[in-house]
Amino acid sequence: MLTLHYLQESRAHRILWMLEELELDYAVELHERGPDGLAPPSIKALHPVGKAPLLQDGARVLAESGHIAAYLADTYGPQLIPADEQARLDYRYWLHFAEGSLAPPLIATYLFSIVEARTPKLLRPIVLFAPRMLQANYYDHTIADMLGFVDAHLDGREFFVGEALSTADIMMSFPLEAARARVADYPNIERWVAAIQARPAYQRALAKPGARYSLGQQRTPRAAPSPRATLVERASALVDMLTGRRTETAR
Ligand SMILES: N[C@@H](CCC(=O)N[C@@H](CS)C(=O)NCC(=O)O)C(=O)O
């Protein structure tokens, strides 16, 4: 029996979508974030790192969404793995790129914005000195380079690899949905996100009782912040996208 341990507003949602694409028999166990926004102890009780998603398959407990997605495809969903050898290499590249390269700078931007929101205005110049330096000198151009690369890859393509949905698309959904605050300049990403979100399995996952994933709701992307936009403006746009809430109440 498969059980997905699902944390609301999280990467766990793409695994729920994958289970729906594969039409597998599974259960969903909901875990609510605490008031601090972190995963509850019930997740740590299952895996010492304490992050979601987790997937139980019989006695196995699997962590890391890339590992879980690859396991599901290997074990139950060969149709989500390209058959051709070169395509399989490309597929593995995107599978790892999603969590290994694209998600970290987006998450760092998100975390900096939370620090900013929680820091009294007077203290911000001191507390945010290092984050602002990192944001301006590293994360902003890293994110722009990566999104430009992804957008160029998707030009003329319906899926990341080949002619059909693969696990690479499922893994890329979370960082690209999270990045949509900046995505107004990336029409291919925007088209791709709209297409995956329109899939019946994606919609079924959103409609699951207890599922909550505001990044999965269709919306018009905001205009990309101007280069002169303040960190507050840039970060709050991303926070809104990631949490569906306003900066002041973001956790
Ligand atoms: N690379 C991991 C990241 C896991 C992760 O950070 N999950 C977040 C949700 S998106 C989480 O559990 N956050 C709650 C916490 O940090 O306590 C994966 O892809 O599974």
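Points to keep in mind about this one:
- Listed by first and then second residue, the pairs with beta-carbon distance under 6 Å, at least 6 apart or on different chains, first residue in the range 33-53 and more than 18 Å from Ala211 (Cα to Cα), second assigned to a loop (DSSP other than H, G, I, E, B) and within 8 Å of the ligand (Cβ to nearest atom), are Lys44/Gly50; Gly50/Ala39.
- Any hit, the range 91-110, residues being under 25 Å from Leu19 (Cβ atoms), modelled with pLDDT of 95 or more and away from the ligand (no atom under 16 Å from the Cβ): yes
- Selection within the range 26-49 - away from the ligand (no atom under 12 Å from the Cβ) and touching a helix residue (DSSP H, G or I) at 6+ places or on another chain (Cβ under 9 Å): Tyr26, Val28, Glu29
- Residue match in the range 210-217 (condition: among the polar types (S, T, N, Q), in a loop (DSSP other than H, G, I, E, B), closer than 29 Å to His31 by Cα and at pLDDT below 95): yes
- Filter pass, Pro120 being loosely packed, with under 15 Cβ neighbours inside 10 Å, in the same structural domain as Phe159 (by TED's automatic domain parsing) and within 12 Å of the ligand (Cβ to nearest atom): no
- Test: residue in the range 70-87 that is within 22 Å of the chain's Cα centre (by Cα), surrounded by fewer than 21 Cβ atoms within 10 Å (Cβ to Cβ) and over 20 Å from Tyr202 (Cβ atoms): yes
- Residue selected from the range 54-71 under the condition under 17 Å from Ser10 (Cβ atoms) and in contact (Cβ under 8 Å) with a residue 60 or more places away in the chain, by the criterion nearest to the ligand (Cβ to nearest atom): Ser65
- As for the range 72-84, it holds no residue that is among the β-branched types (Val, Ile, Thr), assigned to a helix (DSSP H, G or I) and within 10 Å of the ligand (Cβ to nearest atom).
- Here Pro104, Pro125 are screened, and the one residue that is part of a helix (DSSP H, G or I), under 28 Å from Val161 (Cβ atoms), free of Cβ contacts under 8 Å to residues at least 24 places away in the same chain and not assigned by TED's automatic domain parsing to the domain that holds Leu38 is Pro104.
- Looking only at the range 16-43, residues that are in contact with a Phe, Trp or Tyr (Cβ under 8 Å, 6 or more places away or on another chain), hydrophobic (A, V, I, L, M, F, W, C) and within 19 Å of Gly66 (Cα to Cα) come to 6 in all.
- Only listed residue being surrounded by 19 or more Cβ atoms within 10 Å (Cβ to Cβ) and part of a helix (DSSP H, G or I), chosen from Ala52, Ala98: Ala98
- Members of the range 150-188 found to be among the acidic types (Asp, Glu) and surrounded by fewer than 20 Cβ atoms within 10 Å (Cβ to Cβ), listed by number: Asp151, Asp155, Glu158, Glu163, Asp185
The values are calculated or read from the model by the stated rules, or taken from the named source; none is laboratory data. What you see is a predicted model, and the numbers here were worked out from it, not measured in a lab. As a convention, Cβ positions derive from the backbone with ideal geometry for all residues, glycine included, and neighbour counts pool all protein chains shown.
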